[in-house]
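Undergrad: Okay, handing you the structure first.
The values are calculated or read from the model by the stated rules, or taken from the named source; none is laboratory data. Quick caveat, the model's predicted, so the values are computed rather than measured. Cβ coordinates were reconstructed from backbone atoms using ideal geometry, including for glycine residues, and neighbour counts include every protein chain displayed.
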Amino acid sequence: MTEARQFKFQSSLARKLEVPGGRSVGEADRLAREGLETHRLAVMQTVDATLVQLVGLCAEMPADAGKSVYTLASRVIDLVAYFDTGPLHEAAYSLCELSDRMLAADSWQWPSVLVHVQAMKLILTDGCRRSRMSDMLLDCLKELSGKHWEVPDKVGVSQGQR
Amino acid sequence: METRPPATLFCSTDMRMASATDKFNLAQSMVLLIDHNQQSLEVLSSIFHGYGVKEQIKCGSTDDAMRIVQKRNVDLTLVDCSMPGMDGGDFIRWLRHETPAPLRFMPVIMLTGHAAESKVNNSLNCGASFIVTKPLTPAVLLQRILWLGADEREFVESDTYVGPDRRVRNLGPPMAIAGRRAGDLSAHVGDARDVNMNQSDIDMMMMPKRISL
């Protein structure tokens, strides 16, 4: 094994950041947020459509759909990440976490997925605001996920329905 | 005696958190944005327009990104962790190990939404300059970019790891980020804010003196 080599290096980014001109941090933040807002409506419509897809999957419960559930929940996270959608992001993250672990444990439970999806729909309908309702929903999701990992084999619906 | 200029320009020797009035210049930088979700890509692109970046390359796959970084002079890359096929971590590992200098030293920020358990280890050691977790605001992302511009870390090349030094113990973590170790400094230590001491002052402090008891 060769020895590690350590050295200083100044990137082209560092050099260009120092070029006179540009804009202030405050101005850049304001302009970036303005640009962001132009996407909000379209993003929320996509999130809504994604939740419809998740509801559809929960209704059909197709085999080998676990990966699809994870992908759709990830899509929600990716889309809402830049907007102030705290509870929705948390619920989507919880669904990602749950589906990832259920896939790894080969123990898929559609009811747990459905509860997450319904919670996300309620939060979205409520404007993604942090409220007593959203706090309660998130507490329930946390408890649900916790219970699942305490007794993974006893709560489950049949295996192999992923 | 040296004095520092007024802190209006965020420069590479300045590791503090940039304030709202600090100026920076991304107008001449070329930024590569990699995300398989087209809508996320557009959102990210709008944020970078706000930062003043004029040259942006939007890329939907890491395969395309591999070709682009070898042809264009990209200054900064942002890549989503969960890319189909070659994921963000593997892309950065390829960049760090398989491309020539100075391309391999390029600052790369990896964005993560949900990191699947299987991908966490892969991401940690891929050589990313910074891993930024979602949700994030434009202000936070900009602070991370400016921190990278002022990055004092050494670059490390070894058999198992190529990338910026992962240890920030002596620099302190970036502002608003808690250190990973109990001994980490609570804030970033940058250059001195006050006027430097001159050599004779330092000599006077160091010089042994005879004292009478």
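Undergrad: Regarding the range B:162-185, can at least one residue be identified that is in contact with a helix residue (DSSP H, G or I) (Cβ under 8 Å, 6 or more places away or on another chain) and modelled with pLDDT of 70 or more?
TA: At the first step, the residues of the range B:162-185 found to be in contact with a helix residue (DSSP H, G or I) (Cβ under 8 Å, 6 or more places away or on another chain) are B:162-163, B:174-176.
Right, trim to modelled with pLDDT of 70 or more and you get B:162-163.
Yes: one or more hits.
Undergrad: Hey, among A:Gly66, A:Gly35, which residue is on the phi < 0 side of the Ramachandran plot and either surrounded by fewer than 16 Cβ atoms within 10 Å (Cβ to Cβ) or free of Cβ contacts under 8 Å to residues at least 24 places away in the same chain (or both)?
TA: A:Gly35
Undergrad: Within the range B:33-51, count every residue that is surrounded by 24 or more Cβ atoms within 10 Å (Cβ to Cβ) and more than 9 Å from chain A (Cβ to nearest Cβ).
TA: 2
Undergrad: Does B:Val108 count as within 14 Å of A:Ser11 (Cβ to Cβ) and either surrounded by 20 or more Cβ atoms within 10 Å (Cβ to Cβ) or in contact with a Cys (Cβ under 8 Å, 6 or more places away or on another chain) (or both)? Even if it seems obvious, please write down each step before you answer.
TA: Values: within 14 Å of A:Ser11 (Cβ to Cβ): yes; either surrounded by 20 or more Cβ atoms within 10 Å (Cβ to Cβ) or in contact with a Cys (Cβ under 8 Å, 6 or more places away or on another chain) (or both): yes.
When the stated conditions are applied, B:Val108 passes them.
Undergrad: For the structure I just gave you, tell me whether A:Leu54 is touching a residue at least 12 places away in the same chain (Cβ under 8 Å) and aliphatic (A, V, I, L, M).
TA: Values: touching a residue at least 12 places away in the same chain (Cβ under 8 Å): yes; aliphatic (A, V, I, L, M): yes.
In short, yes.
Undergrad: Can you tell me which residues in the range A:69-92 are more than 7 Å from chain B (Cβ to nearest Cβ) and either free of Cβ contacts under 8 Å to residues at least 12 places away in the same chain or part of a loop (DSSP other than H, G, I, E, B) (or both)?
TA: Within the range A:69-92, A:Thr71, A:Phe83, A:Asp84, A:Thr85 meet the criteria.
Undergrad: Further question on the same structure: Conditions first: (1) small (Gly, Ala, Ser); (2) on the phi < 0 side of the Ramachandran plot; (3) touching a helix residue (DSSP H, G or I) at 6+ places or on another chain (Cβ under 7 Å); (4) modelled with pLDDT under 95. B:Ala7 passes all but one, so which condition is the exception?
TA: Against the list (1) small (Gly, Ala, Ser); (2) on the phi < 0 side of the Ramachandran plot; (3) touching a helix residue (DSSP H, G or I) at 6+ places or on another chain (Cβ under 7 Å); (4) modelled with pLDDT under 95, B:Ala7 comes up short only on (3).
Undergrad: Considering every residue within the range B:31-40, establish whether at least one is aliphatic (A, V, I, L, M) and outside any strand (DSSP E or B).
TA: From the range B:31-40, those aliphatic (A, V, I, L, M) are B:31-34; that's our starting set.
Among the residues that remain, those that are also outside any strand (DSSP E or B) are: none.
Within the range B:31-40 (the criterion being aliphatic (A, V, I, L, M) and outside any strand (DSSP E or B)), the answer is no, since none of the residues qualifies.
Undergrad: Residue by residue through the range A:38-53, note down the ones that are more than 7 Å from chain B (Cβ to nearest Cβ), touching a Ser or Thr at 6+ places or on another chain (Cβ under 9 Å) and not polar (S, T, N, Q).
TA: Residues satisfying the conditions are A:Met44, A:Val47.
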